[in-house]
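See below for the structure under consideration.
The values are calculated or read from the model by the stated rules, or taken from the named source; none is laboratory data. Given the structure is predicted, the values throughout are model-derived calculations rather than measurements. So basically every Cβ, Gly included, is an ideal-geometry build from the backbone, and we count neighbours across all protein chains shown.
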Amino acid sequence: AGPQDLECLFDVFLTNVRTGEKIKDLLTQHLVSPPPIIGDNPKKVLIIGSGGLSIGQAGEFDYSGSQAIKALREENIQTVLINPNIATVQTSKGMADKVYFLPLVPEYVEQVIKSERPGGVLLTFGGQTGLNCGVELQRLGVFDKYNVKILGTPIQAIIDTEDRKVFSERITAIGEKVAPSMAAHSVSEALAAAEILGYPVMVRAAFSLGGLGSGFAKDITELTNLATQALQAHSSQLIIDKSLRGWKEVEYEVVRDAYDNCITVCNMENVDPLGIHTGESIVVAPSQTLSNKEYNMLRTTAINVIRHFGVVGECNIQYALSPNSEEFYIIEVNARLSRSSALASKATGYPLAYIAAKLALGMPLPSLKNSVTGVTTACFEPSLDYCVVKIPRWDLAKFSRVSAKIGSSMKSVGEVMAIGRKFEEAFQKALRMVDENVNGFDPKLQVVNDEELKEPTDKRMFVLAAALRSGYTVDRLYDLTKIDRWFLEKMKNIIDLTTQLEGIDQAHLSRGTMLQVKQMGFSDKQIAGAVKSTELAVRKQREEYQITPVVKQIDTVAAEWPAGTNYLYLTYNADVASHDVNFDVEHTMVIGSGVYRIGCSVEFDCSAVGCLRELRKLNKKTIMVNYNPETVSTDYDMSDRLYFEEISFEVVMNIYNLENPTGVILS
């Protein structure tokens, strides 16, 4: 039940025993791939950006595009960027050699190509917008006309993964399974497909952004409405899937170079079951409920699929996994950078977009340096000794007549990422990051409502907290929500501890209890609310007990090599004397903008990055505090120290007391 990458070694051994052929010759036959035909690197490369921000496509593509520009400049390649979004880091001075603020439509992009004559183009760093534009330019013959080479993943592979019918056929060709589905180009075809598959069905639009036009249909009426809307507004092709609602959803981020070296960088598990778009789901990395056999089964499939499609660079693959057996289906493959890629990159410290850009130039993975150690190769699979939790941010209250229900189409406008040594710690951190008015997994914010547990809304986690407080069993909640029992048990631990805290006052709050609740991710303010005290009084008592957070580095090489990263987080689940860094150098602290929301978006990240750059020019060492995985400011090389942490009084003061910076910049 382990990795199958080197099963061929047993064949080598058997052949050697049977024939006496030399081991070295046999290994060469089995393991050495024929070198790919790679010409000289182009002197100038066009990068197609993602354009204006929209729901389902936000700052993560500013991050990926900025990384690509950085990677190309290191190879002395001139970069030309086309992106009309002024509020981005990648369009700032000092990034690309030339920036065109033009619409991302074929006519304008062709004019830029005609004028600039780039030797190559990158299509996979601008999200669905950039990808669709590139596919259309290929269809019109523009790249061939001006002799522009498409770098990285072949355009046909991208089209094959986006066209749902072709995708299904190609997956079936290698003996893997997609969910039973049929393609439709009209409402009548969609209805006929549903009759064959049986209701309920899921409707998805091809070449669409953030699950736009998708949804579940229980009957003919719902399907007619969904199909009509999707065909009119979003796509000319629909895929009608047999519903797998309630199954687990698991993702893998895979990287492959032109020499067929292939690794899985990160695997992630959705807390929410299938039926909720991954961008709308709470996501945990690494996966927490998979067995070793399940993990390696899905990993092997991911590598087979990326090789079959010929992807060069980064690829995201999503699975539906039965909660009751080892049966699974491939839901989709994104042969481009995505929001999940940004999350995986920040969760592991592995610079996916940067590496993908290098691989697109034909460079082999083993020749690239591992940014975490600085000495080992980038051809390694990160091993995480911590837990990462991502939670989306919705701003639905700012819109009138918008349903609060969440599903297969994205409505979230941002997301946060928290790091902890156990799930409860990271989960409670993330809840506070999403909304500064929330103290954690609070059972008092919502009332129990079975309907909201079955049909999730943006407040479901707090309804779940209220249900646990009301005495709902884990089995009953599983039947209602289909959230794995492991996660429900962890959430129950938090509620049980909250109830225990509320039974004592601050005078009887012992050191042991204080340490226990801090290790479970409780904030001082949250503890104060439970014991009827104030945040400052609890903080004073905690410091008197000498309970202070420990600074840990992101270590993705399982301590096999020294980790040289500046990528840090705070935890109470460690020995107080075991800080991973020293505090003997003066820094200036910059507070980031936090989660994207309506009215506060990538423009503030652009400001933070500008601030860090100017401080660096002044030879000042910098500390960045931020928790948004979609940003450039949370890149490992933008500051001297990056704290992926909450922006709250408690946490910022904890960092301040440890680092003793010369100053703090807030704006």
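Points worth noting:
- Residue in the stretch 187-205 that is touching a residue at least 60 places away in the same chain (Cβ under 8 Å), small (Gly, Ala, Ser) and buried (at least 19 other Cβ atoms within 10 Å of the Cβ) present: no
Residue-by-condition table, conditions (1) part of a loop (DSSP other than H, G, I, E, B); (2) basic (Lys, Arg); (3) touching a strand residue (DSSP E or B) at 6+ places or on another chain (Cβ under 9 Å); (4) buried (at least 22 other Cβ atoms within 10 Å of the Cβ):
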site: Glu280; (1), (2), (3), (4): yes, no, yes, yes
site: Ser287; (1), (2), (3), (4): yes, no, yes, no
site: Lys293; (1), (2), (3), (4): no, yes, no, no
site: Asn296; (1), (2), (3), (4): no, no, no, no
site: Asn304; (1), (2), (3), (4): no, no, no, no
site: Val311; (1), (2), (3), (4): yes, no, yes, yes
site: Pro323; (1), (2), (3), (4): yes, no, yes, no
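- Unmet criterion (only one of (1) free of Cβ contacts under 8 Å to residues at least 40 places away in the same chain; (2) of a type in the set (S, T, N, Q); (3) in contact with a Leu (Cβ under 6 Å, 6 or more places away or on another chain)) for Ser325: (3)
- Checking each residue in the stretch 628-649 for being crowded, with 20+ Cβ neighbours inside 10 Å and either in a helix (DSSP H, G or I) or among the aliphatic types (A, V, I, L, M) (or both) picks out Val632, Met638, Leu642, Ile647.
- Any hit, the stretch 358-370, residues being at pLDDT below 80 and over 28 Å from Ile171 (Cα atoms): yes
- Selected residue [hydroxyl-bearing (Ser, Thr, Tyr), in contact (Cβ under 8 Å) with a residue 60 or more places away in the chain and part of a loop (DSSP other than H, G, I, E, B)] from Tyr319, Tyr350, Tyr354: Tyr350
- Residue count, the stretch 534-546 (criterion: surrounded by fewer than 16 Cβ atoms within 10 Å (Cβ to Cβ) and among the hydrophobic types (A, V, I, L, M, F, W, C)): 2
- Selected residue [touching a Ser or Thr at 6+ places or on another chain (Cβ under 9 Å), at pLDDT 90 or above and of a type outside the set (Asp, Glu)] from Val203, Val250: Val250
- Counting only helices (runs of 4 or more DSSP H) that sit completely within the stretch 472-563, those holding 3 or more residues that are without any contact (Cβ under 8 Å) to a residue 60 or more places away in the chain and either over 21 Å from Pro443 (Cβ atoms) or in the same structural domain as Asn657 (by TED's automatic domain parsing) (or both) correspond to 511-519, 535-544.
To keep it simple, each residue is scored yes or no on (1) at pLDDT 95 or above; (2) in a loop (DSSP other than H, G, I, E, B).
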{"position": "Val109", "(1), (2)": "yes, no"}
{"position": "Val112", "(1), (2)": "yes, no"}
{"position": "Phe125", "(1), (2)": "no, yes"}
{"position": "Cys133", "(1), (2)": "no, no"}
{"position": "Gly152", "(1), (2)": "no, yes"}
{"position": "Ile159", "(1), (2)": "no, no"}
{"position": "Phe167", "(1), (2)": "no, no"}
{"position": "Ile171", "(1), (2)": "no, no"}
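- Residue in the stretch 389-412 that is nearest to Ser243 (Cα to Cα), counting only those that are among the basic types (Lys, Arg) and at pLDDT 80 or above: Lys405
- Close pairs from the stretch 572-598: first in contact (Cβ under 8 Å) with a residue 40 or more places away in the chain, partner exposed (fewer than 15 other Cβ atoms within 10 Å of the Cβ) and assigned to a loop (DSSP other than H, G, I, E, B), Cβ under 6 Å, at least 6 apart: Glu586/Thr662; Thr588/Thr662; Ile591/Leu666
- Of all residues in the stretch 489-533 being buried (at least 20 other Cβ atoms within 10 Å of the Cβ) and among the polar types (S, T, N, Q), the one that is nearest to Lys422 (Cα to Cα): Ser523
- Selection from the stretch 625-641 of residues that are in contact with a strand residue (DSSP E or B) (Cβ under 9 Å, 6 or more places away or on another chain) and either under 19 Å from Thr588 (Cβ atoms) or outside the structural domain of Arg597 (by TED's automatic domain parsing) (or both): Val625, Asn626, Ser633, Thr634, Asp635, Tyr636, Met638, Ser639, Asp640, Arg641
- Residues that are free of Cβ contacts under 8 Å to residues at least 60 places away in the same chain and not in a loop (DSSP other than H, G, I, E, B), drawn from the stretch 360-401: Ser367, Lys369, Thr377, Ala397
- Residue check for Ser208: in contact with a Lys or Arg (Cβ under 6 Å, 6 or more places away or on another chain) and modelled with pLDDT under 80: no
- Where a residue in the stretch 51-68 is acidic (Asp, Glu) and its partner, wherever it lies, is assigned to a helix (DSSP H, G or I), with Cβ under 7 Å and at least six apart: Glu60/Arg339; Glu60/Ala342; Asp62/Val602
- Of Pro154, Pro200, all but one fail to be closer than 25 Å to Gly407 by Cα and of a type outside the set (Ser, Thr, Tyr); the exception is Pro200.
- Across the stretch 253-277, the qualifying residues are those that are acidic (Asp, Glu) and on the phi < 0 side of the Ramachandran plot, and the one among them that is surrounded by the fewest Cβ atoms within 10 Å (Cβ to Cβ) is Glu269.
- Meets criteria (surrounded by fewer than 19 Cβ atoms within 10 Å (Cβ to Cβ) and within 30 Å of Arg339 (Cβ to Cβ)) for Glu75: yes
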